[in-house]
Amino acid sequence: MLGALVAPCPAGAEPAAIAAKQRVERKIFSDAEILDGFFKTAFGAEFHLAGRVDRIRKYDTPVRVFADGADSPARRAQLARVIADIAARVQHLDIAMADSADAANVSVRLVRDRDLDSTIARFYGADRAREIHDSLDPQCLSGFRKNERYEIQHSDVILTVDNGDFVFLDCAYEELLQSLGPINDTDSVPWTMFNDDVQMGYFDVYDQYILNILYHPAIKAGMTVAEVKAVLPQVLVEVRAWVAKVNGLRE
């Protein structure tokens, strides 16, 4: 999917590939289909560095995002639009751009594609970087640190700026959303962007279900699968109503 250097599209414009995907997007899912994706992405970890992964992990504080690195005002503008879109579509998540690195708990590093491997090595060390490259061969990457209560304390996101608009937006949505908790990729759910074989470029309805369940107040950091299942009936009713409202769906 790597491409030549492409000038970013103007703020507000969308690549034709994204518009085409939105026209044919599936938007209606059964409870079982939604929950299958939620459990497969909210528990576990695609690349496990340390600690248990059988608990809910999420922010319990407002999320503030700051981007630094490559000088790309157009990409920063696109990133701000992505953050605003996430904020509008996840009901109980307080997320916005920050004015400074010190005010942020999500750090986005914008890099040229040629600098991606060296940037990953600076973040994770040479040995881990080789493991990440060999197992994931990423175009972009995210990870987070959590406390003993499984509350996420800080997230790091690395995005490339010179692989075209579709790749940038696809990576920005996927990595930012994964940095909020659903860090595990799955190849068995065909409707989620948390599937390495699926590229969206926008915040699709299915993944809105996953993030709205995760950030519902009844879903707490540190919960087990059994504890989550106990509160899901009411949570899903409320999440369905919200996702239908913000997307103009009939449930």
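The values are calculated or read from the model by the stated rules, or taken from the named source; none is laboratory data. Model, not experiment: these values are computed from the prediction. Note that each Cβ is placed from the backbone with ideal geometry, even for glycine, and that neighbours are counted across all protein chains shown. Only protein heavy atoms, including side chains, enter the accessible area calculation; ligands, DNA and RNA are left aside. Shrake-Rupley method; radii C 1.70, N 1.55, O 1.52, S 1.80 Å.
Points worth noting:
- For K229 and D187, the FRET efficiency from 1/(1 + (r/R0)^6), where r spans their Cβ atoms and R0 equals 22 Å, is about 0.40.
- FRET efficiency estimate (nearest 0.05) - Cβ-Cβ, N147 to A74, R0 41 angstrom: 0.70
- If you look at the Cα atoms of region 142-251, you get an Rg and a Dmax of 15.0, 45 Å.
- Partners for K58 among aspartates and glutamates (Cα-Cα distance below 17 Å; same-chain residues under 8 apart left out): E46, D94, E148, E151, D156, E174, E175, D185, D207, E227
- For Q153, the shell of other residues with beta-carbons less than 14 Å away shows a net charge of +2, using +1 for Lys and Arg and -1 for Asp and Glu.
- Candidates K27, K40, K220: whichever shows maximal mean-square fluctuation once the chain is modelled as a Gaussian network with Cα springs under 10 Å: K27
- Take every Cα pair under 8 Å whose residues are at least 6 apart in sequence, average their separation, divide by the length of region 188-251, and the relative contact order is 26 percent.
- Based on DSSP H segments of at least four residues, each scored -39500 (n - 2.57), the chain has a per-residue ellipticity at 222 nm of -13000 deg cm²/dmol.
- Radius, Kirkwood style, for the chain when every pair of distinct Cα atoms is counted (Å): 18.4
- Segment V237-R112, length gained on full extension (0.36 nm per residue, minus Cα span): 40.7 nm
- Span-like helix ranges in the chain, DSSP H, alpha carbon extent 27 angstrom or more, Kyte mean at least 0.0: 225-247
- Gain on full stretching of the segment that runs from D85 to A16 - 0.36 nm per residue minus C-alpha separation: 23.0 nm
- The chain - share of DSSP beta bridges that are antiparallel (%, nearest 5): 30
- For a straight C-alpha distance cut-off of 25 angstrom, the lysines reachable from K21 (same-chain residues fewer than eight places away being disregarded) are K40, K245.
- Apportionment of accessible area to carbon and sulfur, the chain, percent (1.4 Å): 52
- For the chain, built as a Gaussian network whose Cα springs stay under 10 Å, the top-fluctuating residue of R76, R23, R64: R23
- For the chain, built as a Gaussian network whose Cα springs stay under 10 Å, the top-fluctuating residue of A172, A84, A42: A84
- Paired Rg and Dmax values of region 190-251, which use every Cα atom, in angstrom: 12.9, 33
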